[in-house]
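The values are calculated or read from the model by the stated rules, or taken from the named source; none is laboratory data. Quick caveat: nothing in here was measured; it's all calculated off a predicted structure. Because the Cβ atoms are built from the backbone with ideal geometry, glycine has one as well, and the counts that use them run over all protein chains shown. Side chains are part of the model used for accessible areas, which takes the heavy atoms of the whole protein and leaves out ligands, DNA and RNA. Shrake-Rupley method; radii C 1.70, N 1.55, O 1.52, S 1.80 Å.
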Amino acid sequence: MTSHNALANSEVWDPFGTLHRMLWIGGGQWAGKSTVARLLAVQYGVTVYHYDYHDARGHNDRRIARRVALGEPTTEPDLDNVWVHTAPEEMATESLAGFPVRFEWALDDLRALVSGHPIIAEGWGLRPELVAPIIDSPRRMVVMVPTPEFREHQLHELPRAASLGHRVSDPARAQANRLTRDRLVAEDAVRTAHQLGIRVLEVDGSHDAAAIAEIVADHFSPYLPEQDLKA
């Protein structure tokens, strides 16, 4: 296995030194990454960057501009073609291929942040293979993934997980494709994290969000404020 420190890249543009001091939570959908990050923000006073929020909103203009620059159509693709008629394996491949470009947009957001407190970035697009060249230690990242049982639990508890949220001709098939895609993407994150020596935390529902946050806080402890500084 390649040494993790050998992957560190001090040449990543980091004008304020923010990127090299970041903490990262990546992994699969519905593992509780956002919840854990918010709990750590309250408990330790850290700043949190929610990748999914920016990716779904602020980065859309960048997506369109990139399509224009590449001479690609700027109209949104047919939703049936995206969710119903595309095999989940192909969907997963497309997602993985698109993450590097989207990660650069996230880094551009993060470069502009300066804080006296640690900054945690969380989101499924924060892939181990993309983060590894930036960090100086694997303890700066954790990959959270749901077990199959916990993913099923989330489908019943979270409205955004239970429904695709788009009008398509076959909602059941679209949802099944989406769930298989998410599983494949999560499995890829786990494999890559293991190869890079980055910790994988499987969330199975046996611990509540506060307990999971404590586990993550312990993992990040070299970079978090001392216990007596907690709110």
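Summary table
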{"quantity": "Conditions (1) out of contact with any Lys or Arg (no Cβ under 7 Å at 6 or more places or on another chain); (2) assigned to a helix (DSSP H, G or I); number of the one not met by Ser169", "calculated": "(2)"}
{"quantity": "Residues (among the aliphatic types (A, V, I, L, M), touching a helix residue (DSSP H, G or I) at 6+ places or on another chain (Cβ under 8 Å) and farther than 19 Å from Leu23 by Cβ) located in the range 83-106", "calculated": "Val84, Ala87, Met91, Ala92, Leu96, Val101"}
{"quantity": "Helices (runs of 4 or more DSSP H) wholly inside the range 1-97 containing at least 2 residues that are at pLDDT 90 or above and under 20 Å from Leu164 (Cα atoms)", "calculated": "33-44, 79-83"}
{"quantity": "Single unsatisfied condition, Asp61 versus (1) farther than 28 Å from Gln154 by Cβ; (2) in contact (Cβ under 8 Å) with a residue 60 or more places away in the chain; (3) charged (D, E, K, R)", "calculated": "(2)"}
{"quantity": "Qualifying residue in the range 148-165 (condition: more than 19 Å from Thr35 (Cα to Cα), modelled with pLDDT of 90 or more and surrounded by 15 or more Cβ atoms within 10 Å (Cβ to Cβ))", "calculated": "no"}
{"quantity": "Positions within the range 124-144 being within 16 Å of Val190 (Cβ to Cβ) and either in contact with a Phe, Trp or Tyr (Cβ under 7 Å, 6 or more places away or on another chain) or without any contact (Cβ under 8 Å) to a residue 40 or more places away in the chain (or both), in sequence order", "calculated": "Gly125, Leu126, Arg127, Leu130, Val131, Met141"}
{"quantity": "Asp61 being open to solvent by 60 Å² or more (accessible area, probe 1.4 Å), over 29 Å from Asn177 (Cα atoms) and of a type outside the set (S, T, N, Q)", "calculated": "no"}
{"quantity": "Selection within the range 107-137 - small (Gly, Ala, Ser) and in contact with a helix residue (DSSP H, G or I) (Cβ under 8 Å, 6 or more places away or on another chain)", "calculated": "Ala121, Gly123, Gly125, Ala132, Ser137"}
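Residue by residue, here is whether (1) farther than 22 Å from Val48 by Cα; (2) of a type in the set (Phe, Trp, Tyr); (3) part of a loop (DSSP other than H, G, I, E, B); (4) open to solvent by 80 Å² or more (accessible area, probe 1.4 Å) holds:
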{"residue": "Ala176", "(1), (2), (3), (4)": "yes, no, no, no"}
{"residue": "Leu179", "(1), (2), (3), (4)": "yes, no, no, no"}
{"residue": "Arg183", "(1), (2), (3), (4)": "yes, no, no, yes"}
{"residue": "Asp188", "(1), (2), (3), (4)": "yes, no, no, no"}
{"residue": "Thr192", "(1), (2), (3), (4)": "yes, no, no, no"}
{"residue": "Val200", "(1), (2), (3), (4)": "no, no, no, no"}
{"residue": "Ala210", "(1), (2), (3), (4)": "no, no, no, no"}
{"residue": "Glu214", "(1), (2), (3), (4)": "no, no, no, yes"}
{"residue": "Asp218", "(1), (2), (3), (4)": "no, no, no, yes"}
